Amino acid sequence: LHELLEHVAVLVETEAGEGFVVQRDYDPSLPTMRLDKNRLIQALLNLARNALQATGVGGAVVFRTRVLTNTVVGQERHRLVASIEIEDDGPGVPDDIADTIFYPLVSGRDNGTGLGLPLAQDMVSRHHGLVEYQSEPGRTVFVVRLPIGADSDSPAAASDVAAG
């Protein structure tokens, strides 16, 4: 996962240019996982681009990973879960769209398409995971939770292996 996050971080830093800060706070104990790298990169890139657009060039984003134990994802308890957080210091999610943010065509920006979050949620759900968020002015955190050791024969699990 860290390899995928680094790829996304470099892309976002390049798009933003100077003044935009990506901080990394990675858990070195994160194990290797079987993932569809392209889908997960796209999901994480959508979340990271939203953070960039929310904060602007002078903003800061933190990429954080953790291993969680005995955690419920959806309706199922998992022994180990990878937690990926993308935190920004932007203005937060507007109250009027907070309950519908994952619906298609819902956007907090005038020029937004409203497709990034639903697409990210779909790609993460194909890995038996989910995307959640917490938001207040000055701090928004999107959290991706992925079960570690989920059924590797599922359609979501490709032949690619990503190291923690």
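Only Cα sites of segment 1-103 enter the Debye sum here, all with the same form factor; the resulting log10 I(q)/I(0) across q = 0.18, 0.23 1/Å is -0.97, -1.28, listed in q order. The peptide list 57-67, 35-45, put in order of mean Cβ contacts within 10 Å with the highest first, becomes 35-45, 57-67. In plain terms, the chain from GLN23 to LEU11 could stretch by 2.9 nm, reckoned as 0.36 nm per residue minus the Cα-Cα distance.
Annotation for segment 118-139 versus segment 1-36: alpha-carbon center distance of 16 Å.
Explain nothing, just the number: dipole magnitude of segment 29-87 about its Cα centre with +1 on each Lys and Arg Cβ and -1 on each Asp and Glu Cβ, in debye rounded to the nearest 20.
That gives a dipole near 180 debye.
Model label points for ASP99 and ASN38, set 7 angstrom from Cα along the Cα-to-Cβ axis, are 3.8 nm apart.
Every number here is computed from the coordinates shown, using simple stated rules; none is lab data. Quick caveat: nothing in here was measured; it's all calculated off a predicted structure. When we count neighbours, we look across all protein chains shown, and the Cβ atoms used for this are built from the backbone with ideal geometry, even at glycine.
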